[in-house]
Structures are given as C-alpha cells and as structure tokens.
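Taking it in order: structure first as structure tokens, then the write-up.
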C-alpha cells in the first residue's frame, strides 16, 4: 500500500511538472525522484564546471512520514538578474508541497538562502537555465540535504565508570557536571529516532580547541591519543569521546559536540568540572640521624569538595615504592586525607651527609597528585648539634638537626603546617629552638571570610558585615594568640575593604570595627607571630599603611572624629588652609574642636599621656585657600614592641660596628598624615615629644644585647626598598632636648615617628663560651668527687669528729653535693619539659638550702664568738630554717607561676633553670643577697676577733696578721658562700674576668672544701690517726681498759691570774681535780667534775683560730696551742 501511494504521488508530481513545462513553452524538464530521502547532495550538471544553457531539472525529495527535510546550500553561482527586467533568466527554486506549482521564489546570481527548510517532508529543487542565456562561465550550485534533527533527537551524555565497575550516566547537555578522575569518563554525542544519515561529521571541541573528528562511515576507533580517544559507535549515529587519566591533559572545561549532517549543523554544549580541589603537603623533618626514627605526614588539603574516605595514598623512596609489609616501615591512613609514614632505626648508606627524597602520591577525585620531600641523612658519629624533642606550646616537637625547620600539622580548626626552627647559637655553643611559627596556618573562619571579602566591589559593598565578623573573630580570649596565617588573612581582608571604600560608603560603625580589628591584631600576645611574619614579608608596617589609608577615606561632617581602642587611638580632623593655630595630637576635643564627634568606646589609657605631636600652622600654607585638609593622626600602644628593627644607613652610620637589629624603639610610635598629601617638606619643622620606656620594659634579647644611653630620633621610611616595606631612618629628624624621661624631636616631614635606642652587644665568642662550659662541667665533676669523699670521711671518722660545727659542715656539704649533681645532669632533661621544670625547681630548692646552711655556718660562728655557749640545743631551729624556708620559697614560686603563668613563663630560655627575664629570678637573687650580706658581716667579725687576740695583736708582725686574714678568708669564704660575690657582680657587668672567676670558684667549691676541711685539716688527720691506731690496737680486757682510764685522768690547776683557757678539742674529755687551788682563796675547794669541751667557757678567738690556722708560726716558733684574749 505504501509503495503504491508513493508511486501515485510521484506520478502526479511528474505529470504536473511536465504539464507546466509544456504550457509555458519551456525546455524539456527532467525530474529526479528520491524517495525516501535521508541524506545526499544535489548539484547542477557539470558542477563545479560551468553549466550549459537550456536545462530544466527538478529534484523531488520525499522523506518518510514523520520526518522533514532540510537542505544546506554549499555553493551558488548563477547568471545574475536581467538589468532591464530585474528577472532571473537562470534560477533555482524550492517548493515544499506535494505539487510543483512553478511559482516559487527564484534565486539567481549570488543571492540564495543558506538553509532551506519548511518543516515539510517534501522538498522540490528546480534548476533552470535559459536557451538564450549569454555564453558566460557560471558554475551552478550545490546543496546537501538530510532529515531534520530537532532538539529532542540529539543527545550529549556523560558516562562514568568507577574503579569498582559501577556505571552512571548523566545528561550533560547545557549542564555542568562534576567528575572524578578516579572514574573512567566518556562523553557520548549523537542522534536517536532517525535513520543513519550518511556523511554526518562529529567534531569534538574543548574550550574552543578542536580535539578531533569522526564520520558516520568510519570504523572505530577513529582517533586516539594518550589523553583521549574519539570513536564512532556501532550504530553509526553517535560518537564517544573517552577521557584518559593523563597529567598533561586537563579534562575539566567546556565541551562541544558539533554534529554536522549534510543538511544542518547542531552544536551540543556541556561542561565538566572538578569534583574536588586539593593540594598535597608533606610535614616532617628535613634531616634525620642514623638509628633514629623518621616520621612523615602526608596531607590532602581540600579547598573544594571533600574526601569520601575511598582515596588512597602511596609512598616512594628515591623512586622505589615503600610497602607497609617492609621491615621497619609503618604506613597508616586516616579519613582519606592523611597518611603517616614511619621508618624506625633509619639506616644511612654513607658516613657523609647526603640527600634522599621521599614522595607521597594521593589518588583522589581530582586525580593523582604527589609531593616530594627531601631529607638530609647524617651518620650517628658525624652530625651537627640537635634540638632535643620536647612538648612546647601544645606541640610535640621531634628532635631536629640545627639549621633545619621542624614542621607539624596545624591545630584541627586550621589547615597548613606549624613550624619551628632549630638554630645553632654560637654564643652558647649549642642548638636552640626558636619561636613557634603559625604563619602557614589559616583557620576555617578566616578562610571563609577571605572568600567573602574577595567578592566585595563598589556595587557589592557588604563591608559592614565583613568588618563586624572580622573584628569578632580577631578578638580572641586573653590567654590565646592568633595564628600567623590568620593575621595575614585579616590584613588582606582589611586591605580589600579599604580599597573599595570611600567617603560616602564608610559608616561610623565601619570605622570603629576597622580600628578595633587593627587593635586586636596588635595585641602583644600576637608578637611572636608578627615577628615570624616579618622574617619574609611586611607585617605591622603594612597594617599601619592600611589603617592610614582607610582613615583618609573617612568623610567628615564635623571637625573631628576620634576612635579609642585598647592599642590604637585615631584622630581625624578637618583643617582649613588659613588656620592660625598649631595642630596638636592627641588633643583635648572639647576645647579645641567643640563640634567634634568622639567615639570613646574604651576609656583612654594612661599610655597616651606625655606623648605629643605638634604641627605648625605654616604646614598648611602649601595648600590652596579653598582646600579642606584632612589630618589623620594615630598613636600605637604596642607597635614599638612588634615593628621590625631594620635601620637605614642614616642611622647605622651613627654606630658602624652595630649589627642588624641593634636599634629598637624606646617610645610609643606616633604618626600624622595630611590629605591631600604635601608635595614638599615642611618649611618649619614639626615637633614630637615622646616618653621613654624604661629599659626593663623593653623587649629584646638580653642574652645578646644590653641597653645603652645612645638614642636617635627616627621615622619609618616606606620609600626604602626592603622586604619589610621600608626601614627606620633619621633623615631630616634630630633631637632638641632629652632627659631621663622625655625626648623632644623635630622633623621636616610627616610619617610614623619614634625614638630609637641602640643596644650594645653582649656576644661571647664560641671559644669563650666553650671554655666556660668546660670549666663548669669539670669543676662540678671534681666538686662532686671532693664533696662525696669529704662526706664519706666525716661519716667514717664521725666518732672522733662529732660536734656541732662538723654537723653543720656535713649538712652544707651534703646539699652542695646534691646541687652539683643536679647541675651536671640537668642538661639531659632539656627535651622533656615536665622533667626540666621539676629539676629546675629542685635545683632552686637545693641551692637555697645550701645558702641557708651557709647562713647557719655564719650564725654558729657568731654565737661562739659573742655568746660562747653550747649550740647543740638550737639544731631544731637550724633544720627548720634550712629546709623550711627554701621549700616555702621554691615550692610556692613553682606552684603559683606554673599554675597561673605557665611553664614557659617559669623556665629560662637557656635551659632547665628559673627564668631570668621576669620577677621569678628574685626568688633566687633576694635570698642569695641576704645570706651573702649577713655572712659577709659574720666573716668580718670573725677576722676582726682573730686579729684582736692578745698574742696576735701585740706580738704578731704585720705579715703574720696578713697571713691570718688571708687564711681566715680562704677557710671561711667557701662555707659562708662568699664566692657568690662574683655572681652578684654579674648582675651589673658581663666582664670576662668576672665570668671566669664565677665559673672557677663556684664550680670548684666542693673540691676546695675537700682540701681545706678534709685533706689538709689537722683535726681530720688526727681523727684518722686515732681511727687507724684503733684498727691496729690488740684486744685487751675490760679491767685493763678501766685501769688505763683511771691513770689517764689529768689534774689541772687553774689560776685566775694566769688564765689559760682550754684548747678547743672536738673529742677530749678532761677531768678537773676535786680541789682547785686559787691564789686569792687557798681554802676554797670545788667538787671534782668531768667536763666535755663544748661545755667549757671558750676563749673568743680560740675556736676560730684553732680551726683556721693550725700551722702558723710566730717569730719562727710553732704557734702556741692557746692564744689569750687581749685584756
């Protein structure tokens, strides 16, 4: 039925066409029939050669039911219209009905429609050339036709095949689809519901660049490269673009599939975007020592998207893959964003340092990203000094080689890494940890706010909301500091807000929030992070410029605006050119500017007082009379403590030997700027008066520098090219007056002003530091041996040495031994903060206890000299004072300071000892000073008493007296703590002589005590002889012993006219007779009494002299056993 109907229709069309041609008397017509038409070409005879005259050809294209035909003319060159009749002699016409009427529009010359389409399944194309056409060369025409494809007939789909084999398909036409590079991604473009259209060309385009072509007649694959392949599918109606995982090819972007049939061209567009964006970083040491463990952490930091915990990590070492099952290797993974590699007992391949490379690869939705990390390997017997592992500032820092930086992950709320450098300090001849830097850590809230601020512009000005949020998140708790990366992020947000603000857009609340944010950033608790930032870029000076720039954009309805915050005070004034009044800042608003607008949010602090800048009226004469000048003045409370110390040549020439950073601001920093800016220097200088900051309150490294009286007036010169955005300069500034409190300066220009103080260097050479360290360790070691031997000797001979004096000696020697042992071992605890703190507290306690027993020595001597009575009954007080007072001082100091201020405040930066940078050191210095002063008095009294005995004062020569004095000092000094005089002197001077004297005398104190109080002590030698004789004495009966005791009794006659007091003997027992004859009373008698020496009334000088000078001679004679007092 269908073929008959088509045949009938065709016959009708052919008959109608022939009838029209015959009636019109035209050339014989040829009808070409194509049914069903799908795709093909039509052209004039001989195309592309010139066509002949007297031709009539009609092509009847009939599409199947439900389809329509569209044609595209690709070439058209016919005889132009007749100039007289304006009719086409030769022409091409198009008709779309079932019957050819011959009345369709005729096209000739170069005029034709590009696309021929009328939503019809019929298309009749007629070409006619006149028999009378002039003999001219015209090439005719050509067109291609095909079935029409509508929007529903074409498709552009994305197919994703995961690593596990699951497939998902999405329509990507006019859409943006996220893709994962871990999947196999392919785009399919084609048409459906239409027969195969031969001659169709598929063109793939990415971001405007043609990737390749495919034709419906080609066999797959049509095109393949290392990045993608293009193929015609088996149905011949579609093509597939498959994307490969190639690092050189970015598969993200806009894709176009241009589907070109012979009759029409359709472009389908779709975009593929990243499902995730991340970067890889490795955190770990830059050096490792043989035998130690190496730990590396690999992080995937997502800036878009997130991990789904199916991602994978892999590690390699010098190109060789590391597997978890290998020996000494552990690899772990956490949450799809972190992998940790641990290599225990790292083994080098050379005794010389060498570099090795570790690489971490991360396979996520954005494809495989990797990161390399270089590690320098040292052998165990050939490596530099190291900073020991320690828990500090909330981080556990690994042992790090000097000259390298240790990295750890940032806190959980931030991304990035925190760092801490290990530097070798030549002055101390050791490696030390520097401050913790969080410059590379950015918290999420700062990161989010930065993204929001980046969208701000003149039309989208949501600055108020941004500033309120920024001020809130920078105002952290009192005991917390901002991360360095957060400070930088805040700086950039403030800079963005300032750049899009103007006088109309800045509101009152905006100004306050802006200045308050700057004040929050300049809190002194953020100082370490500012210093870390300023090692590589401008920090506080950039913030200073941002604040000044923003304030210059503030519109003034009244005469002035003042904003007062905790660390910054800003005053913005409007001044007329013809003013006769000097400009002064800070000013008294109500008296100078009665209409001023003040914003005293916080009460002005005392730090504002006594700081002043005065601008003369002549400063405004350079402006035109109608100009309104805006003066922006700012004073900073803390900027002087955190601003860089770089100085220009104008300052450094004042002290050519001064090193980098040896000038620091000694005053607050104050600034004044005029807008519009002045184009020349001031004719009359401005004056600024600043109060000096006490040297004790200045922040600088007191180990390397000390304060001086050398100062200079200076300003921060932004025109000097440095990484800090300028440097301090004194050009055009000079001092006109100064005293202990103030400095008055004058300058011929405007900017930020301060007074700089030069620091003098305290640097010791490495050889001096090393020699002092060697002396200390050797001296302490010998002292430990000497004290131990001394204590052992006293313990063995205690039967013969037991008395009050030696009991005090023994306590003092024991605590000195403890102190020296702690000082020797204390360096081993530097890497363990808790142990270091414990030992520092114990050392503090043991030294104070030693001082207290030194004080007991002095008190004991004083009591014998003045009171002359038995002191054994006071030992309860001695023990209570000697142990209780040090325990109270050291224990209370450690508990209060560590509990309130923290361990960092308590410990010294140089080692395990209490900090000398704050008031804590007073808990050691004050007791030392008191003991030293009191014992110095006791020592003077003792020497004076010795020199005033009768025989020495009357009979001894001056040389003997000098010997007695020197011998007395040499014996009393170590037990009274007088050698600490060198330590007291070090508080005022760093003289090398004093340092060596302190190191030698105090480290060798124990050895000296062993020599004076044991090895060369007569009583100890006598006790040893008794002990030795006792060991040799044969055993005898009790009766023999009793007999010997009876016969050993001694009768002593005492005469008041020639009193010879008993010699001080530690162990003698002397019996007096029952009757003691007295020259004044011969009949007087006393009962017999056995006296032990401590109960005897001693001569005032005897005790001291007997213990100090056993072997001195007078006039060549042996020194008498007893020396009387001068009567």
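We did not get these values from a lab; they are worked out from the coordinates using the rules stated. Because the structure is a prediction, the values reported are computed rather than measured. Here Cβ is always computed from backbone atoms with ideal geometry, including for glycine, and neighbour counts include all displayed protein chains.
Any chance you could run the full-extension gain for residue 739 through residue 65? It's 0.36 nm times the residue separation minus the Cα-Cα distance, nm to one decimal. All intermediate terms of the calculation are to be shown ahead of the outcome.
Working: separation 674, 0.36 × 674 = 242.64 nm, distance 10.86 nm.
My answer for the length gained is 231.8 nm.
Post the alpha-carbon centroid distance, the range 33-51 to the range 491-515, in whole angstrom.
72 Å
Taking R0 as 22 Å, what FRET efficiency do you get between residue 937 and residue 1016 from their Cβ-Cβ distance, rounded to the nearest 0.05? The partial results should precede the final answer.
Working: r = 27 Å, r/R0 = 1.24.
Taking R0 as 22 Å, the efficiency between residue 937 and residue 1016 is 0.20.
Considering only DSSP beta bridges with both partners in the range 277-423, what is the antiparallel share in %, to the nearest 5? Kindly include the intermediate steps, with their values, before the conclusion.
Details: 50 of 53 bridges.
Close to 95 percent.
Estimate the FRET efficiency between residue 169 and residue 459 by the formula 1/(1 + (r/R0)^6), using the beta-carbon distance for r and 35 Å for R0, to the nearest 0.05. Write out the running numbers ahead of the final one.
On the way: r = 42 Å, r/R0 = 1.19.
Approximately 0.25, to the nearest 0.05.
Per-residue counts of other Cβ atoms within 10 Å, averaged by peptide: what ranking do you get for 85-95, 374-384, highest first?
Those peptides, ordered most packed to least, come out 85-95, 374-384.
How high is the relative contact order of the range 446-552, given as a whole-number percent (alpha carbon pairs under 8 Å, six or more residues apart)? Mind dumping the intermediate values first?
Numbers: 85 pairs, mean separation 37.4, N = 107.
Rounded, it is 35 percent for the range 446-552.
Let me make sure I get this right: for the range 466-514, a, b and c are the square roots of the gyration tensor eigenvalues over alpha carbons, sorted descending. Under 1.5 in a/c it's rounded, otherwise prolate if a/b > b/c, else oblate. Which is it?
On the way: a/c = 4.02, a/b = 1.76, b/c = 2.28.
Oblate.
Would you kindly state how much longer the chain becomes between residue 371 and residue 468 on full extension, computed as 0.36 nm times their sequence separation minus their alpha carbon distance, in nm to one decimal? Intermediate values should be presented prior to the final figure.
Working: separation 97, 0.36 × 97 = 34.92 nm, distance 3.87 nm.
Net length gain for the segment: 31.0 nm.
Which part of the range 778-803 falls in the paramagnetic zone of residue 827, meaning amide N under 11 Å from the point 7 Å along Cα-to-beta-carbon?
Answer for the range 778-803: 778.
Specify whether the C-alpha gyration tensor of the range 243-390 places it in the rounded, prolate or oblate class, a ≥ b ≥ c being the square roots of the eigenvalues: rounded for a/c under 1.5, otherwise prolate if a/b is larger than b/c and oblate if not. Spell out each step's value before the answer.
Values: a/c = 3.55, a/b = 2.90, b/c = 1.22.
Here the range 243-390 falls in the prolate category.
Each label point is 7 Å from the Cα along the Cα-to-Cβ direction; what then is the distance between the points at residue 45 and residue 213, in nm?
With each label point 7 Å from Cα toward Cβ, the separation is 3.2 nm.
By its C-alpha gyration tensor, with a ≥ b ≥ c as the square roots of the eigenvalues, how is the range 151-274 shaped: rounded for a/c under 1.5, else prolate for a/b larger than b/c, else oblate?
Details: a/c = 1.60, a/b = 1.52, b/c = 1.05.
Prolate, since a/c reaches 1.5 and a/b exceeds b/c.
Using Cα pairs under 8 angstrom and six or more residues apart, how large is the relative contact order of the range 781-856, in percent? Please list the in-between numbers first.
Working: 45 pairs, mean separation 27.2, N = 76.
Reported as a whole number, the value is 36 percent.
Tell me, what is the percent relative contact order of the range 800-899, built from C-alpha pairs under 8 Å that lie six or more residues apart?
This gives 33 percent for the range 800-899.
Given a Förster distance of 60 angstrom, what is the FRET efficiency for residue 119 paired with residue 326, based on the Cβ-Cβ distance and rounded to 0.05?
On the way: r = 72 Å, r/R0 = 1.20.
The formula returns an efficiency of 0.25 here.
Extension gain residue 34-residue 996, at 0.36 nm per residue separation less the Cα-Cα distance, in nm?
Details: separation 962, 0.36 × 962 = 346.32 nm, distance 11.62 nm.
Net length gain for the segment: 334.7 nm.
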